[in-house]
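Student: Here's a structure for you.
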Amino acid sequence: MKKITNLVLVLVMAVGLLAAGCGGEEKKTASAPAGKEELIVGTEPSFAPFEFPEKDSKEFTGFDMDLIRAISKELGYKKCTVKNMGFDALIPAINSGNLDVAIAGFTITEERKKQVLFSQPYYKSGLAIVVRKEINDIKTFDDLKGRTLAVQLGTTGALRAEKLKGQGTAVKTFNTSDLACIELKNKGADAVISDLPVLQYFLKNGGSEYAKLAGEPLTAENYGIVISKKNPELAKNIDKALDTLKKNGTYDKLYEKWLNIAAKRKHMLPLYSRYASFR
């Protein structure tokens with residue numbers, strides 16, 4: 001009888017230890033698809049502070065890069081591989097199956113939603129104008145008529161500039177926002193239209209020597225992660241992961257790290273003043 005009692009006690013202890021072990025594991029939002037250990041991510045890394053080359057490294061860094069790596073980890077992938085591509089090549093690469101997701105400051109638009117799925121919005125941005133310091137007569141979008149503009153190919157800034165064509169406005173397109181800003185510096189353009197936080201990062205990191213913001217932001221836009229329409233399950237899981245990262249504080253830490261804004265205040269401030277610390 002004693003042996004049976006001892007055996008029962010051993011079994012109870014074993015079950016208890018097993019339960020404790022399971023309870024101690026980090027709970028993930030969802031599991032990576034069976035047999036798939038790597039998340040393939042596409043980006044165009046010339047969009048600081050969201051994605052740009054890390055100094056003295058082949059890796060890419062920035063808000064988007066940290067966020068997608070955190071999402072990948074939350075979803076249980078063992079590896080997150082980031083591929084450098086032209087911005088206008090990212091959606092075709094998603095649709096051809098060469099990428100699982102793309103993250104590159106993509107504004108969620110109705111036109112793009114016809115081609116791909118988007119995650120829930122993860123960042124609110126807006127278009128703005130930068131001009132050379134000596135230009136004082138550009139304050140609004142209408143003031144750009146008859147000017148020469150520099151924009152990044154495939155962006156909402158480029159689409160906005162196209163609306164001025166036929167009104168004496170010349171539009172020069174470049175593969176990166178950096179090249180558009182260099183064209184401004186070289187006096188090959190009167191203004192650059194791009195995303196406000198990107199332009200403010202550019203000004204903070206040397207651009208203010210010859211350039212300045214002109215007027216108020218033109219628009220308010222939401223960024224989303226791009227996923228193929230063939231993979232709605234991944235889109236759903238990414239949304240769940242984003243929700244988890246917001247609840248556990250990871251998102252707020254990344255927001256404060258890269259955008260220099262106290263995360264708890266970001267929803268209380270108007271779009272323009274949210275980025276005041278970048279000046």
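The values are calculated or read from the model by the stated rules, or taken from the named source; none is laboratory data. Worth saying up front: this structure is predicted, and the values here are computed from it rather than measured. Neighbour counts are summed over all protein chains in view; Cβ atoms, including those assigned to glycine, are modelled from backbone coordinates with ideal geometry.
Student: Determine which single condition residue 230 fails, assuming it passes every other condition in (1) farther than 30 Å from residue 77 by Cα; (2) at pLDDT 95 or above; (3) of a type in the set (D, E, K, R).
Tutor: It is condition (1) that residue 230 fails.
Student: Can you pull out the residues in the stretch 116-138 that are under 14 Å from residue 224 (Cα atoms) and either modelled with pLDDT under 95 or of a type outside the set (Gly, Ala, Ser) (or both)? Reasoning before the result, please.
Tutor: Keep residues of the stretch 116-138 that are under 14 Å from residue 224 (Cα atoms), which gives 116-126.
Across the stretch 116-138, the qualifying residues are 116, 117, 118, 120, 121, 122, 123, 124, 125, 126.
Student: Give the residue, chosen from 59, 110, 44, 74, that is touching a helix residue (DSSP H, G or I) at 6+ places or on another chain (Cβ under 9 Å), surrounded by fewer than 18 Cβ atoms within 10 Å (Cβ to Cβ) and outside the structural domain of residue 158 (by TED's automatic domain parsing).
Tutor: Among 59, 110, 44, 74, only 59 is touching a helix residue (DSSP H, G or I) at 6+ places or on another chain (Cβ under 9 Å), surrounded by fewer than 18 Cβ atoms within 10 Å (Cβ to Cβ) and outside the structural domain of residue 158 (by TED's automatic domain parsing).
Student: I'd like to verify a number: residues in the stretch 244-272 that are at pLDDT 85 or above and over 16 Å from the mean Cα position of the chain (by Cα), how many?
Tutor: 4
Student: Name the pairs whose Cβ atoms lie under 6 Å apart, with the first residue in the stretch 112-129 and within 20 Å of residue 235 (Cβ to Cβ), the second assigned to a helix (DSSP H, G or I) and of a type in the set (Asp, Glu), and 6 or more positions between them or separate chains?
Tutor: Close Cβ pairs (under 6 Å, with a partner that is assigned to a helix (DSSP H, G or I) and of a type in the set (Asp, Glu)) amount to 119/239; 120/239.
Student: Under 6 Å between Cβ atoms, which residue pairs at least 6 apart in sequence (or on different chains) link something in the stretch 205-234 that is under 18 Å from residue 178 (Cβ atoms) with a partner that is among the acidic types (Asp, Glu) and crowded, with 16+ Cβ neighbours inside 10 Å?
Tutor: The qualifying pairs do not exist here.
Student: While we're looking at this one, here's another question. Is it the case that some residue within the stretch 205-213 is under 18 Å from residue 124 (Cα atoms), modelled with pLDDT under 95 and of a type outside the set (Asp, Glu)? Quick ask: steps written out before the conclusion?
Tutor: So the first thing to find is which residues in the stretch 205-213 are under 18 Å from residue 124 (Cα atoms), and the list is none.
No, the stretch 205-213 contains no residue that is under 18 Å from residue 124 (Cα atoms), modelled with pLDDT under 95 and of a type outside the set (Asp, Glu).
Student: Please find, within the stretch 48-78, the residue that is modelled with the lowest pLDDT out of those that are under 11 Å from the mean Cα position of the chain (by Cα) and part of a loop (DSSP other than H, G, I, E, B).
Tutor: The residue in question is 48.
Student: Does residue 237 count as touching a Ser or Thr at 6+ places or on another chain (Cβ under 7 Å) and within 20 Å of residue 42 (Cα to Cα)?
Tutor: The answer is yes for residue 237.
Student: Here is a further query. Restricting the search to the stretch 146-172, which residues are more than 12 Å from residue 184 (Cα to Cα), of a type in the set (Ser, Thr, Tyr) and surrounded by fewer than 19 Cβ atoms within 10 Å (Cβ to Cβ)?
Tutor: Listed by number, the list holds a single entry, 169.
Student: Can I ask one more? Could you figure out which of (1) within 15 Å of residue 131 (Cα to Cα); (2) more than 17 Å from the chain's Cα centre (by Cα); (3) not polar (S, T, N, Q) isn't true of residue 229?
Tutor: Checking residue 229 against (1) within 15 Å of residue 131 (Cα to Cα); (2) more than 17 Å from the chain's Cα centre (by Cα); (3) not polar (S, T, N, Q), the one that fails is (1).
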